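Notes for the one structure printed next.
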Amino acid sequence: MNESDRIIIFDTTLRDGEQSPGVSLNVDEKLQIGRQLEKLGVDVLEAGFPVASPGDFEAVKRLAKELRNLQVTALARASQKDIDTAWEAIKQGENPRIHTFLATSDIHLKYKLNKTREQVLEMARSAVAHAASYTSNIEFSAEDASRSDLDFLCKVFETVIDAGATTVNFPDTVGYAIPWDFGRMIKYVVDHTPNIHKAVLSIHCHNDLGLATANVLSAINHGARQVECTVNGIGERAGNTAMEEVVMAIKTRHDCLPFETGIETRQITATSRLVSTLTGMSVQSNKAIVGANAFAHESGIHQDGVLKERTTYEIMDPRDIGLAKGRLVLGKHSGRHALKARLDEMGYDLSQEEVDRVFARFKDLADKKKEIYPEDLDALVAEEVLRIPERYKLTYLHVAGGSGIRPTATVGVEIDGKDRVVACIGAGPIDAAFKAVANLTKTRSRLLRFTVNSITGGTDAQGEVTVRLQEGSQVVTGQGADPDIITASVRAYLNALNRLEYKK
Ligand code: KIV
Ligand code: ZN
């Protein structure tokens, strides 16, 4: 492979992705995702913004220390303190990278920074020069590049490359770009920045107009060689470029996109599931590549075509993203061995004790539900293995409802080792159960969102409930799954409350 055809995958799931509303990962969860991203083969992993909080600092430090097969980077504003803190967090990593950023658009200069272009140019230069006192692996991002004056942007890039930046990043911070115009801008930078050949040109696109992947592909076509992206496209507002979309577009349309990435695509599904489970951000069913329907054929004509020859209606082989065999179902006669094999296949690396716990829940579920799908197993692993420490545990639930009955819920919760039970009435059984939980836990959080999804098809499917709670300035998301959606709802509620506790 020609070096210039290699696209560097820079994953920012743990930094920009964690900026998704309601997402908050603890250090262990970040480590789990980090290890999976290493398995997936990302080149650079942005682990966080260390100056933002001691928790962020600690997480970045642990990731930099542990992950040895990729470059860990940390974000820093263009200030000495930010850069010093970022370096302190990543310095034990394998070829760690300092990622410093500063806005370059007139709109940001005038309203946010209150600085002139000359001042911004000098701030960018001195930030990179300061970073260069620590390392030669430095990235500079020109925030809001796509709304910046291009000649000024080229001047900034030329200056920071001279000061030591080895990657210069062109973010479409507000998701404003249109693919062909974005390509034109990238070409302009390549043609008008005299020393651009000394650095890797990167892009970072947000998805406000649903064009992030298209903009990235256009930019690659015009000379960009690093893509900043997140798993499942999570991130600020409408999110970032979805890594799986870029990687599979390059793999599938190699005729138009003659590039390579280092991604082991068979790890895509496992990575997507892990990120969705730990962030509590479920993937929409029709999401490209990783949505539940991405390889489902509903129409009889399509099903017939695929049975005769897969390529009639499938442009990608599901096995290439780690699916296919995974569709095989387990049932109540499946043993521990079969379950362990399936979990391994799905990318979970569980200890014997963890497998035993999942197996107990699996048997319980298999008594209620005939066929157990990979999505069901994800939910079991999420509940049994990936849970944060639980102050509140559901021990008992009984609901009464129906026409002519006032919905009542009796709920038992173990709190700090002590079992407590209370009964409440409500508008419906879920309302009654939530009132009982709030009463028992003496919490006063506000319910921002409540959604129920069916994990698979059929009336015996597990319901997956997502609950978003706010307490003061803290917003958290909790999830629960069970064939009984009231049980799933209470589990989700308690999971969110446990997250609030964990944050405290
Ligand atoms: O969207 C953006 O501009 C960013 C930068 C910090 C790279 O996230
Ligand atoms: Zn961003």
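Condition check ((1) outside the structural domain of SER24 (by TED's automatic domain parsing); (2) in a strand (DSSP E or B); (3) under 30 Å from ASN293 (Cβ atoms); (4) open to solvent by less than 20 Å² (accessible area, probe 1.4 Å)) across all residues:
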position	(1), (2), (3), (4)
VAL411	yes, yes, no, yes
VAL422	yes, yes, no, no
LEU469	yes, yes, yes, yes
VAL475	yes, yes, yes, no
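If you check THR193, THR135, THR166, which single one turns out to be away from ligand 2 (no atom under 16 Å from the Cβ), touching a Phe, Trp or Tyr at 6+ places or on another chain (Cβ under 7 Å) and among the polar types (S, T, N, Q)?
Selected residue: THR193, the only one of THR193, THR135, THR166 that is away from ligand 2 (no atom under 16 Å from the Cβ), touching a Phe, Trp or Tyr at 6+ places or on another chain (Cβ under 7 Å) and among the polar types (S, T, N, Q).
Residue-by-condition table, conditions (1) free of Cβ contacts under 8 Å to residues at least 40 places away in the same chain; (2) open to solvent by less than 30 Å² (accessible area, probe 1.4 Å); (3) within 11 Å of ligand 1 (Cβ to nearest atom); (4) outside the structural domain of ARG77 (by TED's automatic domain parsing):
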{"residue": "ILE186", "(1), (2), (3), (4)": "yes, yes, no, no"}
{"residue": "THR193", "(1), (2), (3), (4)": "yes, yes, no, no"}
{"residue": "LYS198", "(1), (2), (3), (4)": "yes, no, no, no"}
{"residue": "HIS204", "(1), (2), (3), (4)": "no, yes, yes, no"}
{"residue": "ASN221", "(1), (2), (3), (4)": "yes, no, no, no"}
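Could you look through segment 477-504, keep only residues that are of a type in the set (Ser, Thr, Tyr) and assigned to a helix (DSSP H, G or I), and pick out the one that is surrounded by the most Cβ atoms within 10 Å (Cβ to Cβ)?
Only one residue fits best here, namely TYR493.
Keeping to segment 96-112, report how many residues are exposed (fewer than 14 other Cβ atoms within 10 Å of the Cβ) and of a type outside the set (D, E, K, R).
Number of matching residues: 2.
On the basis of being more than 16 Å from ligand 2 (Cβ to nearest atom) and either in contact with a Pro (Cβ under 7 Å, 6 or more places away or on another chain) or hydrophobic (A, V, I, L, M, F, W, C) (or both), does THR116 make the cut?
no
Which of the residues that make up segment 34-49 are more than 21 Å from ALA238 (Cβ to Cβ) and either open to solvent by less than 50 Å² (accessible area, probe 1.4 Å) or not in a helix (DSSP H, G or I) (or both)?
Across segment 34-49, the qualifying residues are GLY34, GLN36, LEU37, GLU38, LEU40, GLY41, VAL42, ASP43, VAL44, LEU45, ALA47, GLY48.
For segment 283-387, which helices (runs of 4 or more DSSP H) that fit wholly inside it have 1 or more residues that are open to solvent by 50 Å² or more (accessible area, probe 1.4 Å)?
Fully inside segment 283-387 and qualifying: 300-308, 336-345, 352-368.
Restricting attention to segment 1-54, which residues are charged (D, E, K, R), within 14 Å of ligand 1 (Cβ to nearest atom), out of contact with any Lys or Arg (no Cβ under 7 Å at 6 or more places or on another chain) and closer than 24 Å to VAL200 by Cα?
ASP11, ARG15, ASP16
Which residues, counting only those in segment 216-230, are more than 10 Å from ASP11 (Cα to Cα), in contact with a helix residue (DSSP H, G or I) (Cβ under 7 Å, 6 or more places away or on another chain) and either β-branched (Val, Ile, Thr) or within 13 Å of ligand 2 (Cβ to nearest atom) (or both)?
Result: VAL216, single match.
Would you mind finding the one in ILE263, ILE315, ILE250 that is touching a Phe, Trp or Tyr at 6+ places or on another chain (Cβ under 9 Å) and either away from ligand 2 (no atom under 16 Å from the Cβ) or not assigned by TED's automatic domain parsing to the domain that holds ASP144 (or both)?
ILE250
Looking at the structure I just gave you, is GLU264 buried (at least 21 other Cβ atoms within 10 Å of the Cβ) and of a type outside the set (Val, Ile, Thr)?
The answer is no for GLU264.
Out of everything in segment 248-281 that is within 30 Å of GLU383 (Cα to Cα) and in a loop (DSSP other than H, G, I, E, B), what residue ends up being farthest from ligand 1 (Cβ to nearest atom)?
Ranking the candidates gives GLU264 first.
From the set of residues in segment 458-504 that are of a type in the set (D, E, K, R) and more than 22 Å from the chain's Cα centre (by Cα), which is modelled with the lowest pLDDT?
LYS504
Please verify whether THR241 is under 22 Å from the mean Cα position of the chain (by Cα) and buried (at least 23 other Cβ atoms within 10 Å of the Cβ), treating the condition exactly as stated.
Criteria met by THR241.
Tell me the residue from ILE138, ILE107 that is assigned by TED's automatic domain parsing to the domain that holds ALA238, within 16 Å of ligand 1 (Cβ to nearest atom) and touching a Gly at 6+ places or on another chain (Cβ under 6 Å), please.
From the options ILE138, ILE107, the qualifying one is ILE138.
Residues in segment 70-84: is at least one among the small types (Gly, Ala, Ser), open to solvent by 50 Å² or more (accessible area, probe 1.4 Å) and away from ligand 2 (no atom under 16 Å from the Cβ)?
Scanning segment 70-84, I find no residue that is among the small types (Gly, Ala, Ser), open to solvent by 50 Å² or more (accessible area, probe 1.4 Å) and away from ligand 2 (no atom under 16 Å from the Cβ), so the answer is no.
Among the candidates GLY404, GLY417, GLY428, which residue alone is farther than 25 Å from LEU278 by Cβ, open to solvent by less than 20 Å² (accessible area, probe 1.4 Å) and either out of contact with any strand residue (DSSP E or B) (no Cβ under 7 Å at 6 or more places or on another chain) or not assigned by TED's automatic domain parsing to the domain that holds ALA488 (or both)?
Just one listed residue meets the conditions, GLY428.
Of all residues in segment 1-27 being without any contact (Cβ under 8 Å) to a residue 60 or more places away in the chain and more than 16 Å from ligand 2 (Cβ to nearest atom), which is nearest to ALA47 (Cα to Cα)?
VAL27
The values are calculated or read from the model by the stated rules, or taken from the named source; none is laboratory data. As the structure is a computational prediction, the values presented were derived from the model and not from experiment. When we count neighbours, we look across all protein chains shown, and the Cβ atoms used for this are built from the backbone with ideal geometry, even at glycine. Calculation scope for accessible area: heavy atoms of the full protein, side chains included, ligands and nucleic acids excluded. Shrake-Rupley method; radii C 1.70, N 1.55, O 1.52, S 1.80 Å.
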